[in-house]
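Taking it in order: structure first as C-alpha cells, then the write-up.
Just so it is clear, none of the values below were taken in a lab; they were calculated from the coordinates. Just so it is clear, the model here is predicted, and its values are computed rather than measured. Virtual Cβ from ideal backbone geometry, glycine too; neighbours counted across all protein chains shown.
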Amino acid sequence: MNLSWLKRFAKTKRPDVEPGQRSVPDEGMGAAIGRLAGFYDYAVPDFPPECLEVLEPLSIFNPDVAQALSIWVTLGNTGHEVEVDGRNPEVVLERLNALAGSVYRTGGGMDGLVSHFLRQIPLMGALSAEWVIAERIQEGVIDVAVVPAKSIRFRREDGAWMPYQFTGRFGESAFVALNPLTYSYSPMQTLDGRPYGIPPWLSTLKNIEAQLDWLKNLYHIGKKMGLIGFVDVSLELPQQKPSESDAAFQARLSKRLKDYAAAYAANLGQGVAVHYKDQEAKHNAVSPGAAAGAKQIWQLNEEQICSGLDIPPSMMGRSYSTTETYAEVDYDRLSTKLMVALRMIKRFIEKGYELDLALRGIDADVTVTFNQTRGFKEKEKADADGARIDNVIAKRDAGFIDDDEAARELGYEEATGRRADEAPDWMLEAGGRRRFRFDRRMGRYVHLPERIEIRGHNRALWHDKRESLRGARQTSIKTRIGAPGPSFRLGGSIEKQAQNYAEAIGSALAGPEEEALDAARVAIGRDYDGDAEAFAEAVYRSFADGLKAALAGAGADAVSDRYVEGAWRVWRYEDTGFLQAEIRGQRTENRGQKRLGIEINQVDENALRYLRSIDRHYFGKGNYLADHPTVQTKFVNWLQREYVAKGLNIKDEQAQQEFFNDFSRMVKNTSWTKVNQLVETTMARIQNMGQTLKLYETGFVRYRIVGPRSGPICGYCSNMVGRVFEVEKAAARLAGIVEKGFESVDDLPGFITSAYETPEDMKDLSDEDLQAAGFDSPPFHPSCRHRKAAEE
C-alpha cells in the first residue's frame, strides 16, 4: 500500500494522532437507554442495526453459519508476506516483528487478527478496527483495537462521511469521533452514496428463522413418535361401578390411560414392554413417502440458506447432485470472493505498518501480499501450465518469437524471470526491496529463502564450444567467487543491474555518511575568526576523515564484492548474444577457432580481483567523496562561498543548523550522483572486459563497437560507433592491465575524453591509431554504455 502522503511526516512532523485509542470497548446491551442521544444528527444505517446483534450468536450456535465462517477463515487465512522498500530493510524487519508481537495478543497475534477480520467482514459487512498509538507518539503503534461494526455511525462533515463510535452513553459522550489516520472502516458493499457496509448474510435470516421453527417441530415429533414410528396399545374397557357416577367413571378411565401410557413409555424406553393379556400392543411405522416430502422442503430451505451465505452447498458437505466440474466452479468463485476480503485486510495492515514507521521516522514503503489459496485439481492445472510453457519455449527455440515475447506470453514483463506485477528482486541485505514471510509458528516475520531460478534453453551460438568451455570452467568459477552473489540474470539489462547495485551500495554508505556529517557538524560550530579557507578545509577534512573511519567496519566491501562477482559471472560466462554478427541487416552465426596464446584462467582471476579492488577503493575506503579531487574542490568551494554569504561567521545555533542542513543535502545529492556514475562505469567495464575475453577464447579475429540501445550519445562515442578492432591485441592489453592490478586511480586506463580535448580531435584517427593509443574498448568515459559485437 502506498502511503506516500505520510512520508513527509518522517522528516518534518508526525501525523496528527494521539496516544491510545479513541474507540471504546463494547458495553453490550446494558446502555440501551442512551441510544437515542444525538442519534438524529447521524446517517441512519440502511438496515436495522439489531440485525447485527442477531448474526453474532448465529455464528456460534447455528451450524450452517458457523460452518460458513469456518470455511472463510480456513480458506482465507493463507498466510502473508511483507515486501519492504527502504534504505535499511533490516531495521524495518526488526520493527515489524516487534509490532507483530504486540498487537492483538488476546486473539492470537497478527495471524489471529487476520482470522478475526475474516469473520467480521462476512458477518458485519465491513472491516472495523483501529491502530492504537503509544503514549509517546514517537514510539509508534502498540496494538490493534477491533471496533464493533454495529457501533459505527457516520456523520457528513464538509461533504465527507466521518466515522463515529456509538457508545450507548448519555449526552455528548454518546458518540466518539474516530481519527481516519488510525481507524479504518472498509465496507465490502454499499448502497449508492451511503457509507455503511451491507452485511452479505442478512438475506439468510428469514430462512434460518424457518429452519429453527422446523427444528423445534422435528424435536417435538421425535419425542412423541420416535425415529421409527409409534406403539399403539389397546386396553379392555372396564365396567362402570354401580354406585359410580358418569363423571367419576370418565375420570377413572382417563387416569387409567395416563398410567398405562406412562408405564409403556418408561418400559419401551428400556426396550421392554410388559402387559396383561387384556392389552394389545401394535407398532406403527412412519410412512416413507411423508418423510421424503419433508426432506425436499428441508433441502429447499437449506439451499436458500446457502444462497444467502453465498457458500456453495457442495462446500458444506451437501451433494445435491453437484458434479465435479460444478464443484470446481464453486471453489474458484469462493476463492475470488475471499480475495476481495483479503485486499481489505491487506490495506489495513499496510496502513498500520506504514503509520508506525512514519511515527518512528523510518522512511519505507510496505506491501502486504497474501499467499494464493490452494487450487482445485492442482495436478491437472500444473500439467496444463507445463504444456503451455513447453509450447511457448518451442516457439521461441524455433525462432517464431524472441525471449521477451515468450516471457510476455507466460505473464512476465520481460525475459528476466520477474512477474509484471512484482518488484525487482535484485536485493541485498544492505538495502533495496526485501520480502519477508510471516511464520505462523514463530509469530514473526522471517527472511524468504533464496529463489531457485529455472531458466529455459539458452539459444547460444557455437553450442558445442560453449559446453566444453562451461565444463572446464564451472568449478573454477565457484572456487574463485565463493558465496553466491545477487540475483543477476542474463535477460536483465545492464541498466537494471547498475540501478540495483547503486541502491544496495547506497544503503551501505548511508550510515557512514551520517556519521561523517556528525563530525562535520562539530567542525561547523567552531570559531574560525572569519577565515573562510580555514573553515572550508576544516569542515571538509572532518567530513572526509569521519567517512573513512566510519566505513572501516560498515561492510561496503562485502556489498560491492557480491555485485561485482554477480555481474562478472553473467557478462563473462553467460553473455553470448554479442557473438552474433549483423552483416547487411542479417544476423549470422560466427564461429572462430579457439586460441591458446593467453592463460585465460589466470586472466579471469586477475580480472575479477582487479574489478573488486576498484570498487573497494571508491566505496570501501570512501574515495567516492573523501579525497576525490573533483568532489573535494566542489565541497571546499561551496563551503567557502556559503561561509562568506553567512557573514564570515556562524555562531547562532539556528544558523548552524540551517547551514548543516544545506551541507547535508549537498552531500547526499553528490553521493547519489557519484555512486550511480561509478556503478554504471563498473558495470560497463565488467561487460566489456568479459566480452573481450569471450571473443578471444572463442577464436574471433575482430570486433566492432556498437552503441547503446537507447538515449543520446556523446560526440566521442558517436565517433567510436562502428570502429573495428583486433581481438588479440585487445585481449593482450587487457591481460597486462589486470596482471598489474589496481592500487590507485593511476592504474585505471585513461578515458578518451581526457586524451582528446574535443570529439573533432579524434574523428579522423584510424582504427589502428586508436587501438595503438589504448582506446579499443569501452568505457570511453564515466557511465559509458557502449559495448562490442563480434565482427569476424
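If packing is taken as the average number of other Cβ atoms within 10 Å across a peptide's residues, how do 729-738, 655-664, 250-259 rank, most packed first? All intermediate terms of the calculation are to be shown ahead of the outcome.
On the way: 729-738: 18.5, 655-664: 15.2, 250-259: 11.7.
The most tightly packed comes first, giving 729-738, 655-664, 250-259.
Once you charge only the Cβ atoms, +1 for Lys and Arg and -1 for Asp and Glu, what is the size of the charge dipole of segment 104-164 about its Cα centre, to the nearest 20 debye? Before the final figure, lay out each step's value.
Working: 7 positive and 7 negative charges, 65 e Å.
For this selection, approximately 320 debye.
Segment 43-73 to segment 112-131: how many Å between their Cα centroids?
Spelled out, the Cα-based centre of one part sits 12 Å from the other.
Which stretch or stretches of segment 681-696 have amide N atoms under 15 Å from the point lying 7 Å from Phe751's Cα along the Cα→Cβ direction?
681-685
Order these peptides, 544-557, 680-693, by their mean beta-carbon neighbour count within 10 angstrom, highest first. Don't jump to the answer; show the numbers that get you there.
On the way: 544-557: 19.0, 680-693: 24.1.
With the highest mean Cβ count within 10 Å placed first, the list reads 680-693, 544-557.
Sort Thr78, Thr633 by Cβ crowding within 10 Å, fewest neighbours at the top.
Values: Thr78 15, Thr633 11.
Placing the least packed residue first, the sequence is Thr633, Thr78.
Net charge near Gly193, counting Lys/Arg +1 and Asp/Glu -1 over other residues with Cβ under 14 Å of its Cβ? Don't jump to the answer; show the numbers that get you there.
On the way: positive: Arg156, Arg194; negative: Asp46, Asp192.
Result for the local shell: 0.
My understanding is that a pair violates if its Cα-Cα distance is over 25 Å; which of Lys621/Lys668; Lys621/Lys788; Lys150/Lys206 do that in this structure?
Values: Lys621/Lys668 17 Å; Lys621/Lys788 32 Å; Lys150/Lys206 20 Å.
Beyond 25 Å between Cα atoms: Lys621/Lys788.
What is the spin-label model distance, in nm, from Lys668 to Glu605 if the labels are put 7 Å beyond Cα along the C-beta direction?
Simple spin-label model gives 4.5 nm for this pair.
What net charge do the residues around Phe742 carry, taking every other residue with its C-beta under 13 Å from that of Phe742, with Lys and Arg at +1 and Asp and Glu at -1? Walk me through the numbers on the way to the answer.
On the way: positive: Arg609, Arg612, Arg616, Lys621, Arg685, Lys740; negative: Asp615, Glu739, Glu743, Asp746, Asp747.
For residues surrounding Phe742, the net value is +1.
Using amide H atoms built 1.01 Å from N in the peptide plane, name the residues 5+ places from Arg444, or on other chains, whose amide H lies under 5 Å from its own.
Those lying under 5 Å, H to H, from Arg444 are Asp439.
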